[in-house]
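Read-outs throughout are calculated quantities, based only on the coordinates presented, and are distinct from any laboratory measurement. Note that the structure is predicted; figures quoted are calculated from it, not measured. Note: ideal-geometry Cβ built from the backbone for every residue, glycine included; neighbour counts use all protein chains shown.
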Amino acid sequence: MNIALFLPNWLGDLVMATPVLRALRKHFGPDARIVGIMRPYLRDVLGGTNWLSEQWYFNPTDKRPEFRRRALIQRMRAERFDLSVLVPNSFSSAWTVWRGGAQRRVGYVRYGRGLLLTDRLHPPRRNGRRVEEPMVDYYLRLAETVGCPAESRRLELHATPADEASADGVWNDLGLRKDGRVITLNSSGAYGGAKLWPVEHFGLLARRIVAELKYDVLVMCGPKERVIARDIVRHSGSDRVFSMADQPISIGTSKAVMARSRLMVSTDSGPRHVAAAMGRPVVTLFGPMLPVWSENPTQRAANLYLDLDCIGCHKRVCPLGHHRCMRDLTVDMVYHETVRLMEADDAAAAA
């Protein structure tokens, strides 16, 4: 069986699709060739797993011709895929696999692409309106459509030996505690500024975690978030709050670092899904997006959001200008939810 799996473009969405990868490999067996088609920046996300036979990198806006759509279509035609499963909903992904000659094309009927698919799924509706549901469940129906038995909704990632060695370097360079008493903070929000919790809040939370819980705090960041990470450390005023700003910044290193932490406090962004997939509890701070779409009932989580008329607006920037959905999430609220989740996790482990 020769299978092309068109994967999501965003980090969090790719992590939420890991149950689909697991289901396809289990169902089609070790001899099936499963090719994952993904954005180049996501190349390290699935390192340490064995679900894909190959990873092909695709970005229609990349300056390198080998990553452009024409090259992907030509490559697909040469490989003559028996089956293509489209996790993204875009018209362009369906058009690409249709042009690429995949014999069977499975995906959701969205954005006018139904005629390009051979196996068409419709999002569930009630009274004419689409039913809100976790993306994990939405994605898993694609696997069920090609015959996969019911699969766990558990998110799953692994670190490679190289990732672990890089995390060792981070621990040694920063002088982090080696007894497991480290909490990570994630302040990213590629979707837009409306998802961000104030830097000052993160700094005060970090100071309180150090002073009252006697944990070290490590602020995670991507290449574009180094300044924010350093600002959080500065606002904390504590010598036991550190950042990844001057450390190797890669998805592989981040996976291994998160796996060593006790818990993550995060904005609603991709790294929170990575932490959950590495087995860590996560406190997530929601504002413009509510947790329905990104919720995974199998993870240990606390989802915090306020009861405001404007909550869940789905805007990248606060249209009202006050950004209360995030600013009014107080440090006290987040700290107490962090303690509660740690206590609940300890109780579950002891049971």
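Positive end of the dipole of the chain (Cβ unit charges, origin at the Cα centre): among M135, P123, N172, the Cα lying farthest that way belongs to P123.
Amide H contacts of F81: Q103, each under 5 Å away and 5 or more positions distant or on a separate chain (H built 1.01 Å from N in the peptide plane; Pro and chain starts excluded). Footprinting exposure proxy ranking of C313, C221, fewest other C-beta atoms within 10 angstrom first, gives C313, C221. Under a model in which nothing but the beta-carbon of Lys, Arg (+1) and Asp, Glu (-1) is charged, segment 65-115 shows a dipole of about 140 debye around its Cα centre. On a 0 to 90 degree scale, rounded to 10, what angle separates helix 226-236 from the longest Cα axis of the chain? That helix lies at roughly 30 degrees to the long axis. Taking Cα centre as origin and charging only the Cβ of basic (Lys, Arg, +1) and acidic (Asp, Glu, -1) residues, the dipole magnitude of the chain rounds to 1360 debye. Against the set (1) 22.8, 87; (2) 22.7, 70; (3) 21.0, 61, the structure's computed Rg and Dmax of the Cα atoms in Å falls on (3). Take every DSSP beta bridge whose two residues both sit in the chain; close to 5 percent of them are antiparallel. Its Cα centre serving as origin, segment 58-216 has a Cβ charge dipole (Lys and Arg +1, Asp and Glu -1) of approximately 1020 debye. Rounded to the nearest 10 degrees, the inclination of helix 18-28 to the longest alpha-carbon principal axis of the chain is 40 degrees.
The 3J(HN,Hα) values that the Karplus relation (6.51, -1.76, 1.60; θ = phi - 60°) gives for segment 128-133 are, in residue order, x, 10, 5, 7, 6, 7 Hz. Gly and Pro appear as x. Calculated mean residue ellipticity at 222 nm for the chain: -10500 deg cm²/dmol, from DSSP H runs with n ≥ 4 weighted as -39500 (n - 2.57), summed, divided by the residue count and rounded to 500. Listed values for segment 209-220 are Karplus-derived 3J(HN,Hα) couplings in whole Hz (6.51 cos²θ - 1.76 cosθ + 1.60, θ = phi - 60°), namely 4, 5, 6, 9, 9, 6, 10, 6, 10, 10, 8, 7, and x replaces Gly and Pro. For segment 320-337, the Karplus equation 6.51 cos²θ - 1.76 cosθ + 1.60, evaluated at θ = phi - 60°, returns couplings of 9, x, 9, 6, 5, 4, 9, 5, 8, 6, 7, 4, 4, 4, 5, 4, 5, 5 Hz by residue, with Gly and Pro reported as x. With neighbour counts taken as other beta-carbon atoms within 10 Å, the residues W197, W95 rank, fewest first, as W95, W197. Loop-resident trypsin sites (Lys or Arg not before Pro) (DSSP state other than H, G, I, E or B) in segment 21-68 with no more than 16 further Cβ atoms inside 10 Å of their Cβ: R43, K63, R68.
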